[in-house]
Amino acid sequence: MTGTQTLAPALELAATNTAHYPNESANYRAARNELLVEEIELRRQLERVASQRRALPAGGEIPQDFEFASESGPVRFSSLFGERHTLLVYSMMYGPGRQAPCPMCTSFLASWNGTAGNLRQRVAIAVTARSPIERLIEFRNQRGFTNLPFVSDSSGDYNRTYVNSEDADVPGFSVFHRHNDVIRHFYSGR
């Protein structure tokens with residue numbers, strides 16, 4: 001959505017709504033169309049925010065090539081990109097002091113696992129947590145998250161840099177971009 005595009009007013013669009021359902025009252029239809037105006041405006045706001053996000057200037061270069069533990073041994077952050085230029089990293093709440101993985105993180109990962117095949121056609125993805133890799137792999141296998149590569153940030157270096165400076169066990173989502181072998185932070189959900 002460009003800034004020069006002229007859109008019909010949301011109220012005008014909602015007035016063209018011809019949907020009606022059996023036995024609905026006039027009060028219901030009026031309230032539903034008022035809500036439709038708000039939904040149209042919300043969608044437009046989401047588009048404006050997404051446009052601003054896409055237009056962000058280059059972020060900062062990563063301060064180090066972080067080391068993680070993977071199922072096959074130590075790996076560097078740069079290797080998580082594989083052949084892709086963009087890397088999405090989800091940091092889940094499953095630190096070494098936590099008895100079980102966060103239920104909300106687990107729910108998110110269940111959804112992400114389902115879309116990972118489509119995502120990986122364009123971007124690289126990784127899931128990280130502070131727990132030892134053996135614990136993460138056990139969790140991955142128990143949940144059937146076969147489409148998600150898990151790595152352990154046992155040192156906490158990545159977590160303190162891009163998730164929480166106090167190394168708290170909180171979730172995080174970050175996007176990184178690689179161009180000419182330079183890796184830059186693009187976006188984080190905080």
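The values are calculated or read from the model by the stated rules, or taken from the named source; none is laboratory data. Worth saying up front: this structure is predicted, and the values here are computed from it rather than measured. Cβ: placed from backbone, ideal geometry, glycine included. Neighbour counts: every protein chain shown. Accessible surface areas use protein heavy atoms only, side chains included; no ligands, DNA or RNA. Shrake-Rupley method; radii C 1.70, N 1.55, O 1.52, S 1.80 Å.
Accessible area per residue, 1.4 Å probe, Å², for the chain: what's the number?
Per residue, the chain has 61 Å² of solvent-accessible surface.
Taking all protein chains as present, what is the carbon and sulfur share of the accessible area of segment 34-117, in % to the nearest whole number, probe 1.4 Å?
55
Return the label of the correct value of Cα extents along the principal axes in Å, as calculated from the structure shown, out of (1) 60, 49, 32; (2) 64, 39, 33; (3) 72, 44, 30.
Here the calculated entry is (2).
List the residue ranges in the chain for DSSP H helices whose C-alpha atoms run 20 angstrom or more along the long axis and whose Kyte-Doolittle average is 1.0 or above.
TM-like helix candidates: nothing returned.
I need the shape label for segment 1-74. Rule: rounded when a/c is under 1.5, else prolate if a/b > b/c, else oblate, with a, b, c from the alpha carbon gyration tensor.
In terms of gyration-tensor shape, oblate.
Please give the FRET efficiency for ARG84 paired with ARG44, using the beta carbon to beta carbon distance and R0 = 35 Å, rounded to the nearest 0.05.
0.70
What distance in nm separates the two pseudo spin-label positions at ASN141 and VAL123, each 7 Å out from Cα along the beta-carbon direction?
2.9
Of PRO101, SER70, LEU11, which is farthest on the positive side of the dipole of segment 1-132, counting Cα position, with +1 on Lys and Arg Cβ, -1 on Asp and Glu Cβ, and the Cα centre as origin?
Value: SER70.
Mind giving me the nanometre distance, one decimal, between the label points for HIS179 and THR161, set 7 Å out from Cα along Cα→Cβ?
2.0
What is the magnitude of the charge dipole of the chain about its Cα centre, with +1 placed on the Cβ of each Lys and Arg, -1 on the Cβ of each Asp and Glu, and no other charges, expressed in debye to the nearest 20?
Using only the charged Cβ atoms, the result is roughly 280 debye.
For the ranges 137-143, 60-66, 84-90, what's the packing order if you count other beta-carbon atoms within 10 Å of each residue, average per peptide, and put the highest first?
Top of the packing list down: 84-90, 137-143, 60-66.
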